[in-house]
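Written below as C-alpha cells is the structure these notes are about.
Throughout, read-outs are computed from the coordinates displayed, never taken from laboratory work. Quick caveat, the model's predicted, so the values are computed rather than measured. We place every Cβ from the backbone using ideal geometry, glycine too, and count neighbours over all the protein chains shown.
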Amino acid sequence: MSNKKFSRGIPANVPSDVKEFDKKINTQASTSISNNGASVFIIVMVLVVIGFIGFIVLNNSGNTQANSTPNTTAATTVNGQQIISMTAQATGYTPNIITAKANTATTLRVDATNDFGCTSGMRIPSLGISKNLSGVTDIALGAQAPGTTLNGTCSMGMYNFQIKFS
C-alpha cells in the first residue's frame, strides 16, 4: 500500500466520481446540520419570547394594583360635604376601594405630591373625568345614587380604583 494522503477519509487512489459523490454527501450533510442548528435556534428564541410575554401578562393580569390586597376605606363628611381622600403613587392608588354615602355631594381629594408615574393622570370614564394631577387636587363627583360604583383608572389603564356608593 502506498503512503498517499487521505482527503475526508477517502484514499487518494479512489476514482474521482466516488470523490465527487462524497463531496456532495458531505456538503448536503453540513447544510442539513446548519439548517437544523438554525431551526433549533429559532425555536428556542420563539419559546423565550413566549415565556417572557407570558410572564408579563401573568404579573399584570386583571389590571390590579401592585398590592393585590385591596385597601378599603370609607369617606368622611365635613359640613355636609363628603370628602374622599386618596393618594396617587407610582405603584397605584391608595385606597383603591372606597365606600361612600349615596345622595351626598362628594369630592375626591387626590394627593399626587410625590407621583411621577402614570397615576398622575386619572380617568373616571362614567363621569367623563380625565385629570392631570399635581399636588393635591379636588375632583367634584356630585351626588351619586345608591348602588352606583365609579371605576377609575390611571392614564394608561394599569392601576384602578373603585368608589362604591350605598
All but one of (1) in contact with a Leu (Cβ under 8 Å, 6 or more places away or on another chain); (2) surrounded by fewer than 17 Cβ atoms within 10 Å (Cβ to Cβ); (3) part of a strand (DSSP E or B) hold for T99, so report the exception by its number.
(1)
Residue that is surrounded by the fewest Cβ atoms within 10 Å (Cβ to Cβ), among those in the stretch 136-166 that are among the aliphatic types (A, V, I, L, M) and over 23 Å from S120 (Cβ atoms):
A145
